[in-house]
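Encoded as structure tokens, the structure appears first; notes follow it.
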Amino acid sequence: MGSRDFISGLPDEVLGKKILSLLPTKLVVSTSVLSKRWRNLFHFVDNFDLEDSTSLRNDGFSDFMEKTVALLSNCPIKRLTLNCYYEQSSVHRWISSALQRGCLELNLQSQYRNSLDIGIFSRNNTLVKLTLSGFRTFVQGNFPPDGTVFFPALKTLSLGAVVADPALYNWLISGCPVLEELLIRDVGDGDDDQPSWTRSVVSASIKRLTIYFHHPLDTYPYEDDVEIKTPNLEFLDYSSLLSDGSDVDYLDSLAEARLDLRLWELPTTGDFGDVTNLVAAIRNVKTLHLSPGSLEAFYYCCYTMPVFDKLLHLSIESNKENGWQALPRLLLKSPNLQTLAIKGLVHKVTYRCGSACACTIKPKKKYLYKRYEDRSPPSEVEGRCCLSTCRVKVLEISGYGGSSREVKQMEHFLGKLKYLETVKIGVEEDNNSEYLRANLMTLARASSKCNIQFI
């Protein structure tokens, strides 16, 4: 077989659309000098990844782009990814050229916080996926009225680190009648960064919604309620400091929710936000993931806990700063729960963890209540062992370190969960991992069907 070039013998369609389309465009163009066989293969490429680099900074990159756009003037484009510093007029010309050739996916990023005129899209009929990230401002005279169809085919919209007129969010969302997936990332990282997202999402078509909304320099709960009106939502990933309240319709189609809720640290007031409506809205989920802060929010800021009749899989994360006070109530309100997954067993020890915790302590006589510790335990957990009545069949523990507290907690779980069939434990790898495994196998189990596995 010798040194025969099998790659060059592949069909043009395979070389161009299957191989070259996976490479950065500047490398694709450079292959044209390899041989006559490769001279025009870049014309078959329909995915373009154009990123500024040290060698093509500023004018060099612009010159490269202008030549590339001219060379590819007759090529169809499926996806364009652009991440660079540029002159506004130049990038408008590049984007317009891609849209005119039927671009389906447009990924625009700018680490330099360039401005972009949203008007260049001008009622595009082909775009299916749009990502805007890192742009400082969007320039346009007046947004059309809400409900004006601007992207009739757009199904996925991602807005990350976009500083813009707040009206942009509502205008874009309302202008996408078939939008199925929306990501909003509004995160402040400096003194001048102000929230842009209006804390409102209204859409009848959205099925997947991801929101990261954090401005750490804010010092008080957001006065405006979070509004989520998405009747066909199936997946929700929501991460934010709490608002005073929420206006959320019942999400009857919601199958999975991931919540990362964070309380405010306000020692002089009792206002920490309210998640009662949000929790009620997600009552039909089958899978629920809660961060350490979400557990505290469920306990301190949810005043009426609904019954999660359809909840089958509950996973929580744990750390030393947050307690498990909400866990007993959650388990009692989840009568059909099948799987309980816990990432890290170490948590803040309080006397309100109830029977879900082996670390429960009694308050000292002169205990000084701090923050919101004076709230009474929920009446539904008094006198009942939430683990003994829990019908969980699968228990998953990750990040197990084998400390005395963790061993005690595992002993508590295994001795109380009567319906356990499978326990999966992720043991941290170190010199004692074999000992930890052997120690866990000796713990008494309330269920005769319980099988311990190490992952």
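Would you confirm whether or not segment 382-394 contains a residue that is modelled with pLDDT of 85 or more, touching a strand residue (DSSP E or B) at 6+ places or on another chain (Cβ under 8 Å) and more than 24 Å from ALA297 (Cβ to Cβ)? Scanning segment 382-394 turns up at least one residue that is modelled with pLDDT of 85 or more, touching a strand residue (DSSP E or B) at 6+ places or on another chain (Cβ under 8 Å) and more than 24 Å from ALA297 (Cβ to Cβ). A Cβ distance below 8 Å, combined with a sequence gap of six or more or placement on separate chains, defines the contacts here; from segment 159-177, residues that are closer than 19 Å to HIS214 by Cβ reach residues that are surrounded by fewer than 16 Cβ atoms within 10 Å (Cβ to Cβ) and of a type in the set (A, V, I, L, M) in the pairs ALA161/VAL187.
Within segment 153-183, the set of residues being within 19 Å of GLY134 (Cα to Cα) and touching a Lys or Arg at 6+ places or on another chain (Cβ under 9 Å) comprises THR156, LEU157, SER158, LEU159, GLY160, ALA161, VAL162, VAL163, ALA164, LEU182, LEU183. Restricting segment 131-160 to residues that are at pLDDT below 75 and aliphatic (A, V, I, L, M), the residue that is farthest from PHE235 (Cα to Cα) is VAL139.
When segment 402-455 is limited to residues that are basic (Lys, Arg) and within 21 Å of LEU387 (Cβ to Cβ), the one that is surrounded by the most Cβ atoms within 10 Å (Cβ to Cβ) turns out to be LYS416. If I filter segment 187-205 down to residues being modelled with pLDDT of 85 or more and not in a loop (DSSP other than H, G, I, E, B), which single residue comes out as nearest to VAL149 (Cα to Cα)? Filtering segment 187-205 for residues that are modelled with pLDDT of 85 or more and not in a loop (DSSP other than H, G, I, E, B), the one nearest to VAL149 (Cα to Cα) comes out as VAL202. Taking the numbered list (1) touching a Phe, Trp or Tyr at 6+ places or on another chain (Cβ under 8 Å); (2) crowded, with 21+ Cβ neighbours inside 10 Å; (3) modelled with pLDDT of 90 or more in turn, LEU340 passes all entries but (1). Scanning segment 206-239 for residues that are modelled with pLDDT of 95 or more and acidic (Asp, Glu) turns up GLU234, ASP237. Put simply, of GLU429, GLU411, GLU434, GLU406 the only residue that is more than 30 Å from ASP309 (Cβ to Cβ), outside any strand (DSSP E or B) and touching a Phe, Trp or Tyr at 6+ places or on another chain (Cβ under 7 Å) is GLU406. The number of residues in segment 235-252 that are in contact with a Pro (Cβ under 9 Å, 6 or more places away or on another chain), closer than 15 Å to VAL202 by Cα and buried (at least 19 other Cβ atoms within 10 Å of the Cβ) comes to 1. Taking the conditions exactly as written (of a type in the set (Ser, Thr, Tyr), farther than 24 Å from ASP186 by Cα, modelled with pLDDT under 75 and in contact with a helix residue (DSSP H, G or I) (Cβ under 9 Å, 6 or more places away or on another chain)), does SER96 satisfy them or not? It is false that SER96 is of a type in the set (Ser, Thr, Tyr), farther than 24 Å from ASP186 by Cα, modelled with pLDDT under 75 and in contact with a helix residue (DSSP H, G or I) (Cβ under 9 Å, 6 or more places away or on another chain). With respect to the stated conditions, VAL128 fails to be under 29 Å from the mean Cα position of the chain (by Cα), surrounded by 15 or more Cβ atoms within 10 Å (Cβ to Cβ) and modelled with pLDDT under 75. Here ILE361 fulfils each of the conditions (1) within 23 Å of VAL423 (Cα to Cα); (2) out of contact with any Pro (no Cβ under 7 Å at 6 or more places or on another chain); (3) at pLDDT below 95 apart from (1).
The values are calculated or read from the model by the stated rules, or taken from the named source; none is laboratory data. Quick caveat, the model's predicted, so the values are computed rather than measured. Because the Cβ atoms are built from the backbone with ideal geometry, glycine has one as well, and the counts that use them run over all protein chains shown.
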